[in-house]
1. Among 18, 72, 8, which is the only one that is over 20 Å from residue 116 (Cα atoms), touching a strand residue (DSSP E or B) at 6+ places or on another chain (Cβ under 6 Å) and open to solvent by 10 Å² or more (accessible area, probe 1.4 Å)?
2. Of all residues in the stretch 250-273, which are in contact (Cβ under 8 Å) with a residue 60 or more places away in the chain, assigned to a loop (DSSP other than H, G, I, E, B) and farther than 16 Å from residue 75 by Cβ?
3. Looking at the stretch 326-352, which of the residues that are β-branched (Val, Ile, Thr) and either modelled with pLDDT under 95 or more than 20 Å from residue 293 (Cβ to Cβ) (or both) is least open to solvent (accessible area, probe 1.4 Å)?
4. Considering the stretch 257-296 alone, what residues qualify as being within 12 Å of the ligand (Cβ to nearest atom), more than 14 Å from the chain's Cα centre (by Cα) and buried (at least 18 other Cβ atoms within 10 Å of the Cβ)?
5. Report, by residue number, each residue of the stretch 201-218 that is open to solvent by less than 10 Å² (accessible area, probe 1.4 Å), away from the ligand (no atom under 14 Å from the Cβ) and not aliphatic (A, V, I, L, M).
6. Can you spot a residue in the stretch 33-42 that is part of a loop (DSSP other than H, G, I, E, B), buried (at least 24 other Cβ atoms within 10 Å of the Cβ) and modelled with pLDDT of 95 or more?
7. For residues that are closer than 20 Å to residue 316 by Cβ and in contact with a Phe, Trp or Tyr (Cβ under 8 Å, 6 or more places away or on another chain), scanning just the stretch 21-32, find the one that is least open to solvent (accessible area, probe 1.4 Å).
8. Would you mind stating whether residue 169 is within 16 Å of the ligand (Cβ to nearest atom) and either over 14 Å from residue 245 (Cα atoms) or among the hydroxyl-bearing types (Ser, Thr, Tyr) (or both)?
Amino acid sequence: MKIDLLVKNGYVIDPGNKMKGKFDIAIDKGKILGIYQPNTFSEYSTKNVLDVSDCIVVPGLIDLHVHVFPIKTVLGISADHVGVNQGVTTVVDAGSTGASCINSFIDEVVKKNITRVLLWINVASPGLCEGLSELADLKNIELEKLEEVIKEHSQVIRGIKVRMSSSVVKNNGIKPLEIAKKSAQKVKLPLMVHIGNPPPDLKDILSLLEAGDVVTHAFHGKKGGILDEDGKLILEAENALKRGVLFDVGHGTSSFSFKVMKRAIDLGIAPHTISTDIYLANITGPVYSLVTTMTKFIALGYSLEEVIKATTSMPAKVLRMEQEIGSIKEGNIADISILKWNQSPIKLVDSEGEEIVAEKFLLPLYTIKSGKVLKCNG
Ligand SMILES: [Zn+2]
């Protein structure tokens, strides 16, 4: 009996499996069958061979913060466009839908894309389907309805999204987060909290978060962020990190600053997860793609391994799906991304308009989603 696919001659980097080096990967029936020393698995035993010489082979990339609900939200973009087409096997929509539109999201997005689409459900029923101030009216939080859909769609709903910035909550201050936290505890899911312009005060937000909760836009360049005026980490952020609260990038149009990130690096703070917050308006810049965002971190001094960890095994852990995705382990789903260095320098820009030059940049070549090979186009 022949197996489906052998991925040959690539340089494997899999932080979740502590694996680095040249290996061949055997894939059958959508799963990882085994990892072999080069040329030890017979090509005669496989139906297809994918030769990826000079390429980097990593677990299927996971983007923890995207917006992929184009039919109901103004900002949404196609999941496959920012997913498998760009070397990303799993995207997690961050609050585009709440309980009201969940069925349409499942039917039109989750089921109609090749990319695995998961979600942080918006604590407010309308999500982002009726504008961007979904928490200005507390009546939009309907806990019974929310907890019901979470139960019904527990495979794809991996957490609850709460957007805690002034334009979203208006006069409601910290209240929406207090309500969301109680509900998240009840359904045993983590929160993803968007931070931005205060009020509410970041100190009050961070104080409510527990281990496993995610702060997205953690390195934004607006006032009232994780650093004080002297560039020191605020005490509440330090304590949150000690408790196991996770910092996510969530680049977006206006939520990632090289200056803040560089200062954080000097303080020894690394993002736990690197995500894009990609949507229609920022795919043409400054975000472009997850792989471009990864290149920015390499230009900032991160190692390739660190960047891959923050886009594979770490997000898989946040999603509580390490037994399925985020690592090329025997028995895991065969989600793999094939990347290549382009050796020319490139200018990259953050959300503040600051530029850095990367000496080389990563490009996605192939996406293997559940064992199926797809060619990337960006
Ligand atoms: Zn977002």
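1. Details: 18 fails: touching a strand residue (DSSP E or B) at 6+ places or on another chain (Cβ under 6 Å); 72 fails: over 20 Å from residue 116 (Cα atoms).
When all the criteria are applied, what remains is 8.
2. 256, 257
3. So the first thing to find is which residues in the stretch 326-352 are β-branched (Val, Ile, Thr), and the list is 328, 333, 336, 338, 346, 349.
Next, only the ones that are either modelled with pLDDT under 95 or more than 20 Å from residue 293 (Cβ to Cβ) (or both) stay: 328, 333.
Numbers: 328: 1, 333: 34 Å².
Across the stretch 326-352, the extreme among qualifying residues is 328.
4. 282
5. Within the stretch 201-218, just 213 meets the criteria.
6. Restricting attention to the stretch 33-42, the residues satisfying the condition of being part of a loop (DSSP other than H, G, I, E, B) are 37-42.
Still in the list and also buried (at least 24 other Cβ atoms within 10 Å of the Cβ): none.
Checked against the condition, which is being part of a loop (DSSP other than H, G, I, E, B), buried (at least 24 other Cβ atoms within 10 Å of the Cβ) and modelled with pLDDT of 95 or more, the stretch 33-42 yields no hits at all.
7. In the first step, residues of the stretch 21-32 are kept if they are closer than 20 Å to residue 316 by Cβ; the result is 23, 25, 27, 30-32.
In the following step, the residues that additionally are in contact with a Phe, Trp or Tyr (Cβ under 8 Å, 6 or more places away or on another chain) were identified as 23, 25.
Working: 23: 38, 25: 1 Å².
Across the stretch 21-32, the extreme among qualifying residues is 25.
8. Details: within 16 Å of the ligand (Cβ to nearest atom): yes; either over 14 Å from residue 245 (Cα atoms) or among the hydroxyl-bearing types (Ser, Thr, Tyr) (or both): yes.
So residue 169 passes the test.
The values are calculated or read from the model by the stated rules, or taken from the named source; none is laboratory data. Model, not experiment: these values are computed from the prediction. Glycine also receives a Cβ, built like all others from the backbone with ideal geometry; neighbour counts cover every protein chain displayed. Surface areas here come from the heavy atoms of the whole protein model, side chains and all, with no ligands, DNA or RNA. Shrake-Rupley method; radii C 1.70, N 1.55, O 1.52, S 1.80 Å.
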